[in-house]
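Chemist: Dumping the structure here so I can ask a few things about it.
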Amino acid sequence: MSSTQVPEEALEIEVHASPSEDAKILEGEALEEIKAEAKAKSVVLDKESIAYLEKHPARISSFILRLALPAIADNVLATVTQMADMIMVGRLGAVAVASVGLSNQPLFLIQGLFMGIGVGVTAVVARLYGAGRRDEANHMAQQSLIFAFMLSALLCGTWFLFVPQVIEFMGAQPDVLKLGVVYMRTIVPGLFVLTLNMMMSSALRGAGDTKSPMVANVMINMINIFGNYALIFGHFGLPAMGVQGAALSTTISRAIGTFVLFYIMTQGKGVVQLRVSDGFKPDVHAIKRVLRVGLPTAAERVSLSLGITFYTRIVASLGTMTYAAHQIAINAEQISYMPGFGFATAATALVGQALGAGSKKMAERAGWTAWKMGAVLSGIMASVLLIWPEHLIGLYVDDPEIIRLGAMCLRIMGLVQIPMSTGFTIVGALRGAGDTKAVLFLTMSCVWCVRFVGSWFAVRVLGLGLFGAWAVMALDWCMRATVFMLRWKAGHWKERKV
């Protein structure tokens with residue numbers, strides 16, 4: 001459906017002090033000087049700002065919020081847009097909902113691959129920015145975009161040729177298969193431009209700028225909502241295209257948003273800049289550096305998507321009505337873990353920047369603080385899922401059986417919102433440190449051994465139906481939160497080289 005991820009402009013704090021003035025950093029007039037410089041585009045933990053935070057440790061929260069809030073706003077808007085999309089598709093019936101859900105799930109394999117590469121981009125750019133090597137950061141961003149363009153064109157072009165086989169593999173029933181093929185063929189070009197958007201957004205976030213990606217994605221989501229309304233139902237003189245209209249609207253909006261980001265970064269308006277004059281010849285050394293961090297995360301995301309794909313097949317075997325309830329519940333609960341996503345973005349950037357500036361202590365403080373702040377907000381979101389699940393599902397459909405099943409799913413996930421937030425935020429911190437191989441191993445172990453095997457046993461052997469599948473999903477999140485927290489506390493991530 002729509003793409004994925006408010007406050008004042010994020011701030012980059014620079015402290016100017018000679019070595020002899022270190023004991024008086026940011027006192028008196030110096031503090032006023034910093035406030036006067038405060039309206040910059042990005043938040044950067046360099047040596048000067050770390051010196052300031054060592055003097056005022058409580059201020060780390062403001063750094064985190066300046067990064068997290070635009071990311072949260074970005075993701076919340078994207079999720080609200082997805083909810084609006086699904087509500088509109090839901091008016092077309094359970095078959096339409098199932099066709100969109102089954103079509104999107106396998107596409108997460110490609111999206112997950114580029115999310116992983118984007119983590120490498122964020123981590124490398126964050127390290128270089130923290131060390132003050134900004135020209136190198138620009139070069140890394142440009143090379144990642146070149147690589148993404150070539151790889152995405154190859155993968156999306158190949159995928160387009162095998163759309164019917166993919167939908168059939170997902171276990172689509174005949175009435176779902178036809179609509180699913182139409183939807184997927186229309187949205188694959190939109191996936192191509194989304195991967196380019198992801199690379200540029202990852203570079204900007206690594207440099208501490210979460211606002212520019214938010215602005216581009218606001219545009220994507222607004223265009224997408226309008227386009228869905230017009231093309232799904234046939235308003236403003238446009239034809240009623242149903243689920244194909246939803247896919248076409250998404251593709252058009254993603255293309256426009258990606259162009260906006262490209263314009264920002266090529267016209268000198270971004271903290272990370274792309275220089276067209278430098279050409280677009282691949283630099284193998286730079287690409288390898290990004291992939292050294294990004295490939296383990298890419299493998300993790302692809303493995304996660306594969307595991308969830310097989311999990312989805314198990315749920316789809318329960319019938320179109322049950323799968324529609326599952327898909328609507330997935331869509332409705334997404335907004336609850338947006339705080340986790342936002343604080344994970346902040347943790348990735350700040351941990352990487354602090355390590356680049358040579359401060360392991362500040363990296364650890366940033367990670368812990370981001371986790372605590374995310375957990376508090378996720379606890380609040382949990383109450384929404386536990387108290388009003390029927391109202392949320394009722395926004396999509398009025399079928400009482402779908403509402404009953406969907407509300408049951410939301411209540412289950414309401415119980416594990418804090419473990420989910422822990423999983424997101426601590427993983428974000430580990431990725432910022434470059435500890436992506438450990439995250440790969442731990443994620444694969446939990447998803448395949450707990451979610452896939454557990455859901456198969458719960459559904460096929462115990463006959464627990466949708467309840468069993470969602471209970472196992474909740475267990476998977478609890479396991480992941482536990483192992484990621486243990487990895488973070490062990491501290492091995494402090495020694496990783498990027």
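The values are calculated or read from the model by the stated rules, or taken from the named source; none is laboratory data. Source: prediction; values computed, not measured. Positions of Cβ are generated from backbone atoms using ideal geometry, with glycine treated the same way; all protein chains shown enter the neighbour counts.
Chemist: Within the set of pairs 6 or more residues apart or between chains, which connect a residue that is of a type in the set (A, V, I, L, M, F, W, C) inside the range 282-302 to a residue that is surrounded by 22 or more Cβ atoms within 10 Å (Cβ to Cβ) and part of a loop (DSSP other than H, G, I, E, B) with Cβ atoms less than 8 Å apart?
Modeler: Once the first residue is of a type in the set (A, V, I, L, M, F, W, C) and sits in the range 282-302, its partners that are surrounded by 22 or more Cβ atoms within 10 Å (Cβ to Cβ) and part of a loop (DSSP other than H, G, I, E, B) give VAL293/GLY434.
Chemist: Kindly indicate which of ALA137, ALA172, ALA131 is within 24 Å of ASN104 (Cβ to Cβ) and either basic (Lys, Arg) or out of contact with any His (no Cβ under 6 Å at 6 or more places or on another chain) (or both). Even if it seems obvious, please write down each step before you answer.
Modeler: Details: ALA137 fails: within 24 Å of ASN104 (Cβ to Cβ); ALA131 fails: within 24 Å of ASN104 (Cβ to Cβ).
Unique residue meeting the criteria: ALA172.
Chemist: Moving on. Would you please list the contacts, defined by Cβ atoms under 8 Å and residues six or more apart or on different chains, that run from a residue in the range 328-346 that is farther than 23 Å from PRO213 by Cα to a residue that is not acidic (Asp, Glu) and not in a helix (DSSP H, G or I)?
Modeler: ILE328/TYR396; ILE328/VAL397; ALA332/LEU395; ALA332/TYR396
Chemist: For the range 112-164: of the residues being more than 24 Å from THR266 (Cβ to Cβ) and modelled with pLDDT under 85, which is surrounded by the most Cβ atoms within 10 Å (Cβ to Cβ)?
Modeler: GLY130
Chemist: Could you check, for the range 298-308, whether at least one of its residues is of a type in the set (A, V, I, L, M, F, W, C), modelled with pLDDT of 85 or more and either within 23 Å of VAL459 (Cα to Cα) or part of a helix (DSSP H, G or I) (or both)? Don't jump to the end; show me each part of the working.
Modeler: From the range 298-308, those of a type in the set (A, V, I, L, M, F, W, C) are 298-299, 302, 304, 306, 308; that's our starting set.
With the extra rule that they be modelled with pLDDT of 85 or more, the set shrinks to none.
So far as the range 298-308 goes, no, none of its residues is of a type in the set (A, V, I, L, M, F, W, C), modelled with pLDDT of 85 or more and either within 23 Å of VAL459 (Cα to Cα) or part of a helix (DSSP H, G or I) (or both).
Chemist: Step by step: first the residues of the range 290-314, then only those that are within 21 Å of LEU155 (Cα to Cα) and of a type in the set (Lys, Arg), then the one that is nearest to the chain's Cα centre (by Cα). Which residue is that?
Modeler: ARG301
Chemist: Further, regarding this structure: Scan the range 338-347 and give yes if some residue there is among the hydrophobic types (A, V, I, L, M, F, W, C), under 16 Å from TRP470 (Cβ atoms) and crowded, with 24+ Cβ neighbours inside 10 Å, otherwise no.
Modeler: Within the range 338-347, none of the residues are among the hydrophobic types (A, V, I, L, M, F, W, C), under 16 Å from TRP470 (Cβ atoms) and crowded, with 24+ Cβ neighbours inside 10 Å.
Chemist: I need the full set of residues from the range 387-400 which are part of a helix (DSSP H, G or I) and closer than 27 Å to ARG480 by Cβ, in order please.
Modeler: Correct list: ILE387, PRO389, LEU392, ILE393.
Chemist: When you go through (1) more than 19 Å from the chain's Cα centre (by Cα); (2) under 30 Å from ALA94 (Cβ atoms); (3) in a helix (DSSP H, G or I) one by one for GLN327, which number turns out not to apply?
Modeler: Result: GLN327 passes all but (1).
Chemist: Consider GLY307 against the criteria (1) crowded, with 20+ Cβ neighbours inside 10 Å; (2) under 24 Å from GLY352 (Cβ atoms): it satisfies all of them except one. Which criterion is unmet?
Modeler: The one condition GLY307 does not meet is (2).
Chemist: I'm checking my understanding of the structure. Among residues of the range 235-254 that are under 21 Å from SER201 (Cβ atoms) and crowded, with 19+ Cβ neighbours inside 10 Å, which one is nearest to the chain's Cα centre (by Cα)?
Modeler: The selected residue is ARG254.
Chemist: Out of the residues in the range 143-160 that are in contact with a helix residue (DSSP H, G or I) (Cβ under 7 Å, 6 or more places away or on another chain) and polar (S, T, N, Q), which is nearest to LEU204 (Cα to Cα)?
Modeler: SER144
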